[in-house]
Every structure is written in structure tokens, then in C-alpha cells.
Amino acid sequence: MEPKTRQVESARLQRVPPYLFADLDRRTEELQRKGVDVISLAVGDPDLPTPDHVVEAMRKAVEDPATHRYPPYAGTSGFRTAVAEWYLRRFGVRLDPERQVLALIGSKEGLAHLPWALLNPGDVALVPDPGYPVYRVATLLADGVPRPLPLRPALGFLPDLTEVPTEVARRARLLFLNYPNNPTAATAEVDFFAEVVRFAREFDVVVVHDNSYSEIAYDGYRPPSFLQAPGALEVGVEYHSLSKTYCMTGWRLGWVCGQAEVVAALAKLKTNLDSGVFVAVQRAGEAALRGPDEPVRDRVATFQARRDLLVAGLREAGWKVTNPRATFYVWAEVPDGFDSVTFAQHVLDRAAVVVTPGVGYGEVGDRYVRLSFTTPDHRLREAVDRLRRVR
Ligand SMILES: *Cc1c(COP(=O)(O)O)cnc(C)c1O
């Protein structure tokens, strides 16, 4: 028989970069097979449970047969209204729940589909480096051209938009941003967002701000919304997620809100791809957004105590780290002589602790590793003790 020449993966799928950490995974598994107790600080997935009143709302909703049918495509009006009310309370931004809010099957889903709704082949999307990998990969899959926006420590990991060459800015259709930021934990203020609005107007770019971590902030800090910047509602959208705020990563619920035509374009695409979010999950989401603030405050207090433990431990051990005022990540510079992958391997070999190599978030990230503190306290304490012994 002739050998098959046809590739299983389409040319489009082949554009998706290969998984970078196969080696690291193999070494982790090897250690575990030998009986070594490996602690992972690699994933950003809260170990704390969803608040009780949210679980209770879900339990009730599941028993109501009205939730068993197809949901409305754009989300229930109850959920979208709860979003608009939460926005007004939290940010002082007024949204029309009908035209400016769309429910998502987690924000990742909506972020990944947006380039399909807005990009023509060859259109540029400006993506932060380092950044959440979905922005870049979704652009590639939609025949767009991702161009990196380097985030450097000198500017507090904010991009320098004046650095974008004019001919690139003219071809740009999308600008992805994310503050509080994964993976650097950097934050941005409204005056930066106002600059972003000016850039978007000048070059007719749609701004896509990912605000998944707006409620995970410490020491009393309250991160702003991009939509608070004057004119933002005309040039962009903001993504939110229930995942991090309410420890609901498994439930799959988020939303996008802002510029009505962008919201409508994504909604049109999605009516052809999926059939919405389980109504019971949306009712639980309503309960979360309308519910008491204490459960969120308690969870954030737990993360803050862990942050203090991790940052203090790493500094004692001589690591160069900043104290994050939001997210549950520490972005740590790797020592000279290492890149992000070789340093992650070194930490694994010496301490049996898994950290994420920064190169997974882009080339500029290769000088860093990311450590998350979504691990139970006693495990984090053990990890810190071990990391003190590295180097
Ligand atoms: C976790 C995360 C998301 C995805 O959240 P879901 O709503 O669970 O899909 C999106 N963006 C960033 C930056 C994240 O870290």
C-alpha cells in the first residue's frame, strides 16, 4: 500500500504551535512513578469551593424543568440583567443588558471565537507577550496575523503603544489586553485605558479587554474596568468570568460586554456554533453576582495570606519577585544562565515543585517562570520550604 501522504491535521490546525512542556511533564511523571511527592504550582485553578449560596441556587434550579430546555442564545435576561446591575454597582458603568451583554460558556470560549467574528484573512491582532495563549492561537485559527506587544518590567508590564509601527497599527483590527494580568500579575489604571481608547480611535481597532481577575486583588486594591475610560464603550468590549471570582472554573460561565455591534457579531457567530449556557448555571451565576460579598472577600483573604507566604519565602531564598496586588500568580525572573524551561527543570529536579516556564506565554516571557497560589495552604508551605533550598 502507498504510504498516506495526507496530513490528519488541517493546515489551519497545524498553525497552532506544538505543546512546549512535554519534556517537563515527562520528568514530572517519572518522579511521581519513583514515589516522589511532587507539588504543582503550575495551574491557576482555585482549590477553594464555590460559595454555598451559589451551589444552593444551582440545586434549586436543576429541579425546575424549565431549566432543562434549550437556553436563550444570548443568555437569560435574568443573568444579563444581573451582569448590568453588578457593573453599575462595581464600576459605575451603565450597560444595556439586551444589546451590550452576552453570556459565554466561560470567557475562554468567547475570547477564542471573537477573531472568527471580526477578522478578515491577513488582519492583524495585537497580542500581549507575555499573554494568555488563547489570544494568539485564536487569531491564527481565524487566518489573522498575531503581532506581539511586548510587556516589559520597566513600564510595569504595560505595552508601549507608541512602539507599534504605523503600518502595523493600520492593519490591526483587534487589540487584546488583560489587567490584572495573567501571567505577570501587573495592573493597569483608567488613565492607561484612556490612552488605549485614543489609539483604538486613531487606527480603528477593536479593543478586547480580558478582566477575568477584577475581583482577585489585595490590600484593598480595586482594579478598574476598561469601560470606565471615556469613549471605551464605543471602541471595545470587556470579558469577565465567574471562574476566578467565585471559584467556579468547572461551571463554565462568563460574559462579554461593551460595544453593541461587536457583541452582536459574536452573538451571531455563536448561534451557529453552540446553544448557550445551561439555564441552571446562569441562575447560579445570577445568585453569585447578586449574592453576599463575604464569600468572595473570604476567598480573596485566603489568597492574600498565601501570597504573603509565597513572596516572603521566595525573597528569603533570593528570588527576584514583585509582590502582586492582584491575580493568584507570582511572576519570577529566572537567574542568569537559565531560560524559563531550563529553570523550571532545575526547580523540579531540586525541589520537586512544578512551576510554569514563561515562554509558554510568549518569547518575552522566557526570562520568567510563573508560580500560582491556588494550592492548599499546607502544600504551599511545604513547597516554599523546598524552594528555599533551591540554588
Ligand atoms: C482563567 C482565565 C480565563 C478563562 O476563564 P474561563 O471563564 O474559565 O474560561 C481567561 N483569561 C485569563 C487571562 C485567564 O487567566
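Every read-out reported here was derived from the displayed coordinates using simple, explicitly stated rules and does not represent laboratory data. Computed from a predicted structure; not experimentally measured. Cβ coordinates were reconstructed from backbone atoms using ideal geometry, including for glycine residues, and neighbour counts include every protein chain displayed.
Helical runs (DSSP H, four residues minimum) scored at -39500 (n - 2.57) apiece and divided by the length of the chain put the mean residue ellipticity at 222 nm at -12500 deg cm²/dmol. For S40, the amide hydrogen comes within under 5 Å of the amide hydrogens of V354, counting only partners 5 or more places away or on other chains and with H modelled in the peptide plane.
Apply the a/c threshold of 1.5 to the C-alpha gyration tensor of the chain and tell me whether it is rounded, prolate or oblate. Here the chain falls in the rounded category. How about region 290-323: which trypsin sites (Lys or Arg not before Pro) there are in a DSSP loop, with at most 13 other Cβ atoms within 10 Å of their Cβ? Passing both the DSSP loop test and the Cβ count: K320. Top mean-square fluctuation among T184, T374, T302, Gaussian network model of the chain, C-alpha springs under 10 Å? Result: T302 has the largest fluctuation of those listed. Computed over the chain with a Gaussian network model linking Cα atoms closer than 10 Å, the most mobile of A352, A154, A280 is A154. Here's the picture: a label point sits 7 Å out from the Cα of T166 along the beta-carbon direction, and within region 197-223 the residues with their amide nitrogen under 14 Å of it are 202-203.
Restricting attention to the chain, close to 50% of DSSP beta bridges with both partner residues there are antiparallel. Using a simple spin-label model with pseudo-atoms 7 Å out from Cα toward Cβ, L309 and E9 lie 3.9 nm apart. The label point for H378 and the one for E202, both projected 7 Å from the Cα toward the Cβ, are 5.6 nm apart. Given the options N182, N211, N272, which has the most mean-square fluctuation in a GNM of the chain, springs set between C-alpha atoms less than 10 angstrom apart? Ranking N182, N211, N272 by mean-square fluctuation puts N272 first. Please work out the C-alpha center-to-center distance from region 325-351 to region 1-59 and express it in whole Å. Computed from Cα coordinates, the inter-centre distance equals 19 Å.
By the combined test of axial Cα extent (at least 27 Å) and Kyte-Doolittle hydropathy (mean at least -1.0), the qualifying DSSP H helices of the chain come to 294-316.
Rounded to 0.05, the FRET efficiency of the A317 and D64 pair, given R0 = 41 Å and the Cβ-Cβ distance, is 0.15.
Qualifying GluC sites (Glu not before Pro) in region 1-101, where qualification requires a DSSP coil assignment and no more than 15 other C-beta atoms within 10 Å, comprise E9, E98.
Pulled fully out, how much extra length does the chain show between D25 and N120, if you take 0.36 nm times their separation in residues and subtract their Cα-Cα distance?
My answer for the length gained is 30.5 nm.
Each of A200, Y246, Y213 was placed along the dipole of region 52-290 (beta-carbon charges, centred on the mean Cα), and the one lying farthest toward the positive end is Y246.
Residues of region 329-353 with an amide N closer than 18 Å to a point placed 7 Å from the Cα of R388 along the Cα-to-Cβ direction: 350-353. The mean sequence distance of close C-alpha pairs (under 8 Å, at least 6 residues apart), as a share of the length of region 52-290, puts its relative contact order at 29 percent.
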